[in-house]
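S.K.: Please find one structure pasted underneath; my questions will follow.
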């Protein structure tokens, strides 16, 4: 059996753009990124469950979190600031590698924190969540 390469974090890609279409502008100013997805569930246990709890999935939720450096003139910082301040969406495509797998969604900026430690770079902590815009979030397998 041939060894298959393990993907490392630095090959991940994050694209942004105008909501309503797939994001196409790559940003490299991303530190640790994470795509978290969960499935909401409903308890459907009944007498036929033989004493077991049973659930069914009812909806999925997603969240993209990452850190980025506070770089003067970085257009992505401007896009995120504008989206947060105006409660508008930004198209996001978060992939595990170039043309890889990941989440494609129009997102709201739900957290936008700037950490200004005495020593070290200023770092934004960002959380994005899918926002209702008419374009449903989806998982892509080919970027």
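S.K.: Kindly provide the helix-only [θ] at 222 nm of the chain, computed as the sum of -39,500 (n - 2.57) over DSSP H runs of four or more divided by all residues, to the nearest 500 deg cm²/dmol?
M.R.: Values: 1 runs with 12 residues, N = 143.
Rounded to the nearest 500, it is -2500 deg cm²/dmol.
S.K.: Right, next: Say we join alpha carbon atoms closer than 10 Å with springs in a Gaussian network model of the chain; which of 51, 20, 102 then has the biggest fluctuation?
M.R.: Evaluated over the chain, the most mobile residue of the options is 51.
S.K.: With labels modelled as points extended 7 Å from the Cα through the Cβ direction, what inter-label distance (nm, one decimal) is found for residue 122 paired with residue 38?
M.R.: 3.3
S.K.: Modelling each spin label as a point 7 Å along the Cα-to-Cβ direction, I'd like the residue 67/residue 50 distance in nm, to one decimal.
M.R.: 5.0
S.K.: Could I ask something else about it? Taking the 0 to 90 degree range and rounding to the nearest ten, how far is the long axis of helix 75-86 tilted relative to the main principal axis of the chain, both from C-alpha atoms?
M.R.: Around 60 degrees separate the two axes.
S.K.: Additional query: Kirkwood hydrodynamic radius, computed over distinct alpha-carbon pairs, for segment 22-143: how many Å, to one decimal? Don't jump to the answer; show the numbers that get you there.
M.R.: Numbers: mean 1/r = 0.0611 Å⁻¹.
Hydrodynamic radius (Kirkwood, Cα pairs) of segment 22-143 is 16.4 Å.
S.K.: Next question. So if each residue of separation counts as 0.36 nm, and I subtract the Cα-Cα distance between residue 113 and residue 84, what length gain in nm does that give? Walk me through the intermediate numbers first.
M.R.: Details: separation 29, 0.36 × 29 = 10.44 nm, distance 1.08 nm.
So the chain would gain 9.4 nm between residue 113 and residue 84.
S.K.: On to the next question. How much length is gained if the chain between residue 11 and residue 26 is pulled fully straight, taking 0.36 nm per residue apart and subtracting their Cα-Cα distance, in nm to one decimal?
M.R.: So the chain would gain 4.2 nm between residue 11 and residue 26.
Read the figures in this text as sums done on the coordinates, not as results from a lab. Because the structure is predicted, anything quoted here is derived from the model rather than measured. Methodologically, a virtual Cβ is constructed for each residue, glycine included, from the backbone with ideal geometry; neighbour enumeration extends over all protein chains shown.
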